[in-house]
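The structure under discussion appears below in the form of structure tokens.
The values are calculated or read from the model by the stated rules, or taken from the named source; none is laboratory data. Being a predicted model, the structure only gives us computed values, none of them experimental. FYI the Cβ positions are ideal-geometry reconstructions off the backbone, even for glycines, and counts take in every protein chain you see. Heavy atoms of the whole protein, side chains included, go into the accessibility calculation; ligands, DNA and RNA do not. Shrake-Rupley method; radii C 1.70, N 1.55, O 1.52, S 1.80 Å.
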Amino acid sequence: MLLRYLSSLGPRISDHTVLSLIEDGSVGIAMRDLGVAVDTLGLSAGQITPAALPQLRSRLSALAPDVVHGWMYHGCLSSWAALAGRRARRPRLVWGIHHSLQDIRNEKRSSRAVIRTMAALSGRTDAITYCSDTSRRQHEAIGFAPDKSVLIPNAVNAEQFRPDPAAHAHLAEICGVPEGRLLIGNVARSHPMKDHPSMVQACAQLLQQGHDVQAVLIGEGHGDGPALAEAKKLGIADRVTALEVRDDIAALVPGLDVFLLCSAWGEAFPLAVTEAMAAGVPCVVTDVGDCAVLVGDTGIVVPPQDPAVQAEAVSQLISLGREGRQELGAKARERVQKFYSTDIYRDEHDKLYRAVSFGETTQTRQSVSA
């Protein structure tokens, strides 16, 4: 999402610098290709310690920014720690929350400690951005300062993600399945909160009902993950395709017949769903984070961790036929263009940065309910 924001800035991109705590990887390379100044502390994931603070303070001091915007929990807490005690020309501090807290007990012990520490310190920020209203309410419920909240939902570039009539055959060829088979997809790394075994169970039920479907999982860790293990257990290993991380997602997503978000928790405003909607793919989503608000009347919302209901919802979309699904997908695309475009995302951040820089009052943007 940060890459998308930077991509939308045009000439103003030179006003921004990205400082990564860990090695920046492919996203950092893409940012550099845009012309963004990217610096990294080179820390290892999971080994972010107070010992790195002097280095972070030194980098921030050399940059002399007007606004520091921490992204994700560790980036937020680190940004506060690096600026703590600084009085001379202290930059404005913004935190960016991109996670929902359906139950904080689902988080790792170290993450719980970081989140609770942030709650205690949140009143010392100038603003806190949330990508979903559900996430905002959940964080405020555990102590995050409500007067700092600013809601800026995630966004998608609808020129990058768009319908493509040739994509289905292309994706079917990659998966090694007949072109006429229905492709039910999900784009996400393998993680317990994503609950991919539920998707596999739902597809097994669809097969039992006589639907010719193929589950397509795209993301890191599926090769030896629980989804394929569940598929083998159910005897449908040949009906589940796992593709590792790819850089051509925009060319693959339009090839899906249905996008199924099966997450059990943790989602705030999932980018993968906005991408599928922009690509004209109808979605079935579990009722986590702001998923229901995101799809509105262009998709189907189901309870998490209920494969039978997920299967029934997908079956409803299958029964619409190709033309019916394309109609619904077109409505989904119109919805993201109207409410969740990268232009809106850029402008909302621009207003926020100006507000905190000039001491104006920030206001929580209301959720889209249309």
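Among the residues of the stretch 15-70, write down those that are small (Gly, Ala, Ser) and more than 25 Å from the chain's Cα centre (by Cα).
Selection gives Ala51, Ala52, Ser58, Ser61, Ala62, Ala64.
Could you give me the residue pairs with C-beta distances under 9 Å whose first residue belongs to the stretch 335-349 and is under 9 Å from Ile152 (Cβ atoms), whose second residue is at pLDDT below 95 and among the charged types (D, E, K, R) wherever it lies, and which are 6+ apart or on separate chains?
Close Cβ pairs satisfying both conditions: Tyr345/Arg4; Glu348/Arg365.
Answer yes or no: is there a residue in the stretch 214-235 that is among the charged types (D, E, K, R), within 27 Å of Gln102 (Cα to Cα) and touching a residue at least 12 places away in the same chain (Cβ under 8 Å).
Yes, there is a match, as at least one residue in the stretch 214-235 is among the charged types (D, E, K, R), within 27 Å of Gln102 (Cα to Cα) and touching a residue at least 12 places away in the same chain (Cβ under 8 Å).
Can you tell me which residue within the stretch 24-48, out of those that are open to solvent by 70 Å² or more (accessible area, probe 1.4 Å) and modelled with pLDDT under 85, is nearest to Arg4 (Cα to Cα)?
Once the filter is applied, the top-ranked residue is Ala45.
Can you confirm whether Asp287 is in contact with a strand residue (DSSP E or B) (Cβ under 7 Å, 6 or more places away or on another chain) and over 23 Å from Cys175 (Cβ atoms)?
The answer is yes for Asp287.
Would you check if there is a residue in the stretch 300-316 being without any contact (Cβ under 8 Å) to a residue 12 or more places away in the chain and assigned to a helix (DSSP H, G or I)?
yes
Just the residues that are of a type outside the set (Val, Ile, Thr), surrounded by fewer than 24 Cβ atoms within 10 Å (Cβ to Cβ) and within 18 Å of Arg335 (Cβ to Cβ), please, taken from the stretch 276-312.
Asp287, Ala292, Gly296, Asp297
Pick out, from the stretch 81-193, the helices (runs of 4 or more DSSP H) lying fully within it that include 2 or more residues that are surrounded by fewer than 17 Cβ atoms within 10 Å (Cβ to Cβ) and at pLDDT below 95.
The qualifying helices (runs of 4 or more DSSP H) are 109-121.
Please work out which one of (1) in contact with a strand residue (DSSP E or B) (Cβ under 9 Å, 6 or more places away or on another chain); (2) in contact (Cβ under 8 Å) with a residue 12 or more places away in the chain; (3) outside any loop (DSSP other than H, G, I, E, B); (4) not small (Gly, Ala, Ser) is the condition Ile29 fails and give its number.
All conditions are met except number (2).
Yes/no per residue for (1) out of contact with any Lys or Arg (no Cβ under 6 Å at 6 or more places or on another chain); (2) in contact (Cβ under 8 Å) with a residue 60 or more places away in the chain; (3) closer than 25 Å to Lys351 by Cα:
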{"position": "Pro65", "(1), (2), (3)": "yes, no, yes"}
{"position": "Cys76", "(1), (2), (3)": "yes, no, yes"}
{"position": "Trp80", "(1), (2), (3)": "yes, no, yes"}
{"position": "Val94", "(1), (2), (3)": "yes, yes, yes"}
{"position": "Ile97", "(1), (2), (3)": "yes, yes, yes"}
{"position": "Asp103", "(1), (2), (3)": "yes, yes, no"}
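Name the single residue that is nearest to Gly185 (Cα to Cα) among those in the stretch 243-293 being in a loop (DSSP other than H, G, I, E, B) and among the acidic types (Asp, Glu).
Restricting to residues being in a loop (DSSP other than H, G, I, E, B) and among the acidic types (Asp, Glu), the top hit is Asp257.
Please list, ordered by first then second residue, the pairs with beta carbon atoms under 8 Å, 6 or more apart or interchain, first in the stretch 1-12 and touching a residue at least 24 places away in the same chain (Cβ under 8 Å), second assigned to a helix (DSSP H, G or I) and among the charged types (D, E, K, R).
Short answer, once both residue conditions are applied: Tyr5/Arg346; Ser8/Asp343; Ser8/Arg346; Leu9/Asp15; Leu9/Arg346.
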